[in-house]
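Colleague: Attaching a single structure in structure tokens format; questions to follow.
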Amino acid sequence: MARERRSIAGSAYESDKLDLCNDSEMCLFFGLIVKADDEGRETAGPVNLKKRFANRDWSTKKIEKMMQKLHEVELIRWYFCECGKFYEVIDFEYYQRGSWQSVHRVISKYQSSDDGHCKRCHGPLLPVVQVTISSPNRSEMKRNEEKVKEKQKDAHTCEGEPETPALERFARAVAGANGIDPSLRSQAQDETAQDRRRGA
């Protein structure tokens, strides 16, 4: 259960993670520390959190969004099982000083997210916030496939038969345009070249 009095460490305001939060998210985070038990855990359903912070004009939707942000920047772990939703302040000892260090420290009745499974419902302890991986753009995938095919084609050309000389390719193109058999056209060019050498 939460302590009647709990102090926030001065070094807590120097956290780089808090720089990623707005004022409302920072206020919620320090409120979670004050409301947590001696191991930094407590129930964390948006409706219950709204009741605990009734003096703030926060809707359940806004609280849920802020909890997601605190989870993403790794200030808390927000997790759930069949028993409900819970939170756990990461580095709880760093952010608050005093009561939890005493000999009267009370062991939390809520399990850590690191435990993996709940001892009461025997279900898995899972993060509320799931990382969503966006699907690749279809047009981009098609372009990548075409690039791969082009590279494979180039590699096949290099590993296969020697590339046809430019003159012969030109002769075939002209012969094809004129309806002449490319092999005959090439043979005629060879004979013409031999005649020129003999005349020289």
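Colleague: Kindly indicate which of 69, 51 is among the basic types (Lys, Arg), in contact (Cβ under 8 Å) with a residue 24 or more places away in the chain and not in a loop (DSSP other than H, G, I, E, B).
Modeller: Result: 69 is the single residue among 69, 51 that is among the basic types (Lys, Arg), in contact (Cβ under 8 Å) with a residue 24 or more places away in the chain and not in a loop (DSSP other than H, G, I, E, B).
Listed here are the residues, each with its yes/no results for (1) crowded, with 19+ Cβ neighbours inside 10 Å; (2) more than 29 Å from residue 23 (Cα to Cα); (3) not assigned by TED's automatic domain parsing to the domain that holds residue 16.
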{"site": "54", "(1), (2), (3)": "no, no, no"}
{"site": "86", "(1), (2), (3)": "yes, no, no"}
{"site": "92", "(1), (2), (3)": "no, no, no"}
{"site": "105", "(1), (2), (3)": "no, yes, no"}
{"site": "112", "(1), (2), (3)": "no, no, no"}
{"site": "121", "(1), (2), (3)": "no, yes, no"}
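The values are calculated or read from the model by the stated rules, or taken from the named source; none is laboratory data. Small disclaimer: the values here were computed from a predicted structure and weren't measured. Backbone-built Cβ (ideal geometry, glycine too); neighbour counts: all protein chains shown.
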